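Derivation of every value follows stated rules applied to the coordinates shown; laboratory data play no part. Since the model is a prediction, treat every value here as computed from it, not as a measurement. Every residue, glycine as well, gets a Cβ built from its backbone with ideal geometry; the counts of neighbours run over all protein chains shown.
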Ligand code: NAD
């Protein structure tokens, strides 16, 4: 899909590691100019390393520090991107984190942090993206859609997750955020969809794959019998950002090696 996204600018939140990095590299390889967002000074070297890889591979872009849960920082990141590249065409609402605890032991800080980053962060970035899409209007020479938003949700917008109630609640919220935006802005040619990954090998879930025993146990949940890679998500993000998916909006696309067909029921449950 080389050059599928040529002439378009994409902001990828939380792109200094994991899935965000995989998506940024895939979009850049498809011709998009990419903005590699990272949250704090300490993640700047990782963000710059991602950008260097992209430039060495023939891509273009810049890094942008912004905590997606902070309104002023999100507004500034979009303004800087528009100043640099003229507009934003694609938002990948990817930044997210976990603060796991048994529910009766969960602190308000653990709850608030996960909701603020995973859900409010997606609200703030989507709002700035939609404001920019409406300001700029259609560019039919570049894309059939006036703008595209991809929300990084999870299989946990469908599968309840004890011990991670704050995280599962944030992903359930993203489902309604995404669908309501697709409904509200479809007539303005803005497409909004979610990617719902299963287990992808990144720092967020290291405990689930770093020992052979953990990986083996994880495989009992995955019919396709492998852990996903950031590139798998990058491939889907390119498709959902491109005109190949122009009739898809308001959809949650599960990319999980079959986790949501509930393998435990294969032998009768
Ligand atoms: P990761 O920890 O490697 O990446 C998360 C990224 O978010 C990091 O780069 C981090 O710096 C960034 N981030 C955290 N707080 C931020 C903030 N306030 N502002 C901006 N950026 C911030 O983990 P990942 O697996 O790559 O996760 C990316 C997304 O994918 C998350 O939304 C996560 O919930 C989702 N997801 C991951 C999996 C998986 O199996 N890895 C499965 C389903 C969904």
**Report entry** Conditions (1) over 16 Å from residue 114 (Cβ atoms); (2) surrounded by fewer than 19 Cβ atoms within 10 Å (Cβ to Cβ); (3) within 16 Å of the ligand (Cβ to nearest atom): number failed by residue 178
**Finding:** (2)
Query raised in the report: Filtering region 2-43 down to residues that are part of a loop (DSSP other than H, G, I, E, B), away from the ligand (no atom under 11 Å from the Cβ) and in contact with a helix residue (DSSP H, G or I) (Cβ under 9 Å, 6 or more places away or on another chain), which residue is farthest from residue 194 (Cα to Cα)?
Result: 2
Query raised in the report: Which of the residues belonging to region 200-215 are away from the ligand (no atom under 15 Å from the Cβ) and either within 22 Å of residue 17 (Cα to Cα) or touching a strand residue (DSSP E or B) at 6+ places or on another chain (Cβ under 8 Å) (or both)?
Result: 211
Report task. Looking only at region 111-130, decide whether some residue is more than 14 Å from the ligand (Cβ to nearest atom) and within 19 Å of residue 166 (Cα to Cα). Result -> yes
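Okay, residues lined up against (1) in contact with a helix residue (DSSP H, G or I) (Cβ under 7 Å, 6 or more places away or on another chain); (2) within 16 Å of the ligand (Cβ to nearest atom); (3) assigned to a helix (DSSP H, G or I):
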| position | (1), (2), (3) |
| --- | --- |
| 186 | no, no, yes |
| 195 | yes, yes, no |
| 217 | no, yes, yes |
| 224 | no, yes, no |
| 257 | no, yes, no |
